[in-house]
Amino acid sequence: MSNPDLLRSLGRLVRGLSALFWGLPLALLVCVQSAKMDWILSLNIFPALVATGLLLFGLFQIGGFQKQERPWRSALDRAKLLALINCGLSPFLFCWNRFPDNAFFTLTLAIFAVSGVLFLFSLNRVLLRLGDMLPDQSLRHEVRQFTALNGYLLTGLLLLAVGFMAMAQIQEVPVQFGRIFFIVNQLGQWLLLFLALLPLALTMALIWKTKETVLDGVFGAK
């Protein structure tokens, strides 16, 4: 690869990482608001579609880097597929907000939530493969540590979410277990929030660290 081509691919890599860094919290905020808040209904399906589309854009931008590396390309393709699924399902958040009792919209909301967690997991795999290709040993070590931690946290998040869905199917709770059921439900909601936000924050930190490493090591920006 010639030097201009290399610089062009690295420039796209930096732009893609920036889009992912800002797109992750934006997508979480907009998608939650689209599902819960009435004021966002005036904007129709577009906020969630744009937010999830920004993540897909970021993945396509970084896809121009090291196209010949098969493990990197495989991890990136899986993340693109999940990002595309999220983008396609995001309009149903608006539909569920308007018709929360509709079983089909409720099912798509659940699929969207699971797909979002799987996307975050696959994005960590993308960062792991990217870190292996960059010549910074400390970055490679940090990425391996935190992606492993995120894997455990996201697995716990999925298991907890399945447990909540199972509890939601219980129609009647015995009186003697009602108080315990309520406490577990309240504590579980906080644990669910913690398991969702912590891997998101760690992933954003890894994206920022990777972007800064590229800028400092390749472009000489301080």
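The values are calculated or read from the model by the stated rules, or taken from the named source; none is laboratory data. Since this is a predicted model, take the numbers as computed values, not measurements. FYI the Cβ positions are ideal-geometry reconstructions off the backbone, even for glycines, and counts take in every protein chain you see.
All conditions but one from (1) within 30 Å of ARG8 (Cβ to Cβ); (2) free of Cβ contacts under 8 Å to residues at least 60 places away in the same chain; (3) part of a helix (DSSP H, G or I) apply to THR106; the one that does not is (1). Pairing residues of region 131-145 that are surrounded by 12 or more Cβ atoms within 10 Å (Cβ to Cβ) with residues that are not in a helix (DSSP H, G or I), at Cβ distances under 6 Å and at least 6 apart in sequence or on separate chains, gives MET133/GLN66. Restricting region 1-47 to residues that are farther than 17 Å from GLY116 by Cβ and among the β-branched types (Val, Ile, Thr), the residue that is modelled with the lowest pLDDT is ILE40. Just one of the listed residues (LEU187, LEU149, LEU198, LEU109) is more than 20 Å from GLY23 (Cα to Cα), among the aliphatic types (A, V, I, L, M) and modelled with pLDDT under 90, namely LEU187. For beta carbons closer than 6 Å, sequence separation of 6+ or different chains, a first residue in region 62-87 that is surrounded by fewer than 15 Cβ atoms within 10 Å (Cβ to Cβ) and a second that is outside any loop (DSSP other than H, G, I, E, B), the qualifying pairs are PRO71/ARG129.
Could you list, in sequence order, all residues of region 94-103 that are in a helix (DSSP H, G or I), over 21 Å from the mean Cα position of the chain (by Cα) and not polar (S, T, N, Q)? Within region 94-103, CYS95, ARG98, ALA103 qualify. Tell me, please, whether a residue that is within 18 Å of LEU59 (Cβ to Cβ), more than 17 Å from the chain's Cα centre (by Cα), at pLDDT below 90 and not in a helix (DSSP H, G or I) can be found in region 130-138. Checking region 130-138: at least one residue is within 18 Å of LEU59 (Cβ to Cβ), more than 17 Å from the chain's Cα centre (by Cα), at pLDDT below 90 and not in a helix (DSSP H, G or I).
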